[in-house]
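The values are calculated or read from the model by the stated rules, or taken from the named source; none is laboratory data. All values derive from a computational prediction rather than experimental measurement. Here the Cβ positions follow ideal geometry from the backbone for every residue, glycine too, while neighbour counts run over all protein chains shown. Surface areas here come from the heavy atoms of the whole protein model, side chains and all, with no ligands, DNA or RNA. Shrake-Rupley method; radii C 1.70, N 1.55, O 1.52, S 1.80 Å.
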Amino acid sequence: MSERQKVGLVLEGGGMRGMYTAGVLDVFIQENMWPDAVIGVSAGAIHGCNYMAGQLGRSVRYNLKYINDKRYMSLKSLIKTGNLFNKEFCYDTIPNELSVYDYDAFEKRAADIPFYVGCSNLETGQGEYIRCTDFRKEMDYLRASASLPLVSEIVEVGGMKLLDGGTCDSIPVAFFRSIGYKKNIVVLTRPAGYEKKPDKTIAVLEKVYSKYPDYVKACKERHEQYNKTIQYIEHYEKEGQILVIRPSKHIKISRMEKNLNKLKYMYKMGRHDTKVQLDKIKKFLEE
């Protein structure tokens, strides 16, 4: 009998499209399905940390409750603090007071199942993949992973200047394969056939981040790299090395969507699409 290959779980970002991922991961929790390692980018990292703590429904609960709360996301916060998503409210008030995060449960599971967050390094224009073990001390890495360019301040942590991981490596499956997780479950937030187009804000990005030419170059090339990654995923999917979970239907939803019905729909679709593949997922994890 051949030795079982280690399985990674790779979670794409996508802002509020990530409610799809929240639905996927809640089914994983309910079915007690755990990979050998997890990596999340942006919203994928946010929902991934709730999954690692085993907190069923937490992602959908606080997002639906606070998405239209000005303390959560507002132009006022952007003007006043440089962050569209208010840093204090999102990364302190919510996890420590309003929807308490189970730091101990995360820490215990992360000791056995490595958890990584993907960030973009402004000075190198490359992806950074940080293993996190204690969010009491490492919350800034999670915040950096989800700090969208132009509407977030640069996060300086670990001697690096970081922003949203989606710019430099939107779906870090190649990284996971390179460190030994040859089989991967990849959760995407775009339906099949999606092709990323060039960024319409590139002229603004060039001005705002003029001190970081390598980062600007990564922004310009992001659509090309993203589309190549999708081709890479589809290749290994055919080889049986990757299992993809992606939205089965197209729904027009923005990264900063506030429509509760759309958010609920994405969450429910994530649950549905995962249940449809449940037997296949369990077999993939076990073999």
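When the Cα gyration tensor is reduced to axis lengths a ≥ b ≥ c, the ratio a/c stays below 1.5 for the chain, which is therefore classed as rounded. Filter the trypsin sites (Lys or Arg not before Pro) in the range 1-78 to those in DSSP coil with at most 13 other Cβ atoms within 10 Å of their Cβ, and list the result. The qualifying sites are Arg4, Lys70.
Toward the positive end of the charge dipole of the chain, with +1 on the Cβ of Lys and Arg and -1 on the Cβ of Asp and Glu, the farthest Cα among Tyr232, Ile251, Leu78 is that of Ile251.
Quick one: grab the alpha carbon gyration tensor of the range 56-99, order the square roots of its eigenvalues as a ≥ b ≥ c, and give me rounded if a/c is under 1.5, else prolate or oblate depending on whether a/b is larger than b/c. In terms of gyration-tensor shape, prolate. Computed from backbone phi with θ = phi - 60° and the Karplus coefficients 6.51, -1.76 and 1.60, the 3J(HN,Hα) list for the range 270-276 is x, 5, 4, 5, 6, 5, 4 Hz; x is used for glycine and proline. Estimated from helices alone, the mean residue ellipticity of the chain at 222 nm is -13000 deg cm²/dmol (sum of -39500 (n - 2.57) over DSSP H runs with n ≥ 4, per residue). Accessible-area rank, largest first, for Thr81, Thr93: Thr81, Thr93, with all protein chains present and a 1.4 angstrom probe. Distance between the modelled labels on Glu195 and Asn68, one decimal in nanometres: 3.8 nm (7 Å Cα→Cβ projection).
Spatially, the range 215-275 and the range 137-155 are offset by 21 Å when compared through their Cα centroids. If you take the square roots of the eigenvalues of the alpha-carbon gyration tensor of the range 168-232 and sort them as a ≥ b ≥ c, do you get rounded (a/c under 1.5), prolate (a/b over b/c) or oblate? It is oblate, given that a/c is not under 1.5 and a/b is not larger than b/c. What do you get for GluC sites (Glu not before Pro) in the range 45-136 restricted to DSSP loop and a cutoff of at most 16 other Cβ within 10 Å of the site's Cβ? Within the range 45-136, the qualifying GluC sites (Glu not before Pro) (loop, at most 16 other Cβ atoms within 10 Å) are Glu123. For the chain, a crude dipole built from +1 on the beta carbon of Lys and Arg and -1 on the beta carbon of Asp and Glu, taken about the Cα centre, is about 1060 debye to the nearest 20. The alpha-carbon of Lys228 sits under 18 angstrom from the alpha-carbons of these aspartates and glutamates, leaving out residues fewer than 8 places away in its chain: Glu12, Asp169, Glu195, Asp199, Glu237, Glu239. Using the 1.4 Å probe convention, the accessible area of the range 21-109 works out to 41 Å² per residue with neighbouring protein chains retained. Sparsely packed loop sites in the range 165-224 (the trypsin sites (Lys or Arg not before Pro) outside DSSP H, G, I, E and B with at most 15 other Cβ atoms within 10 Å) comprise Lys182, Lys196, Lys200, Lys211.
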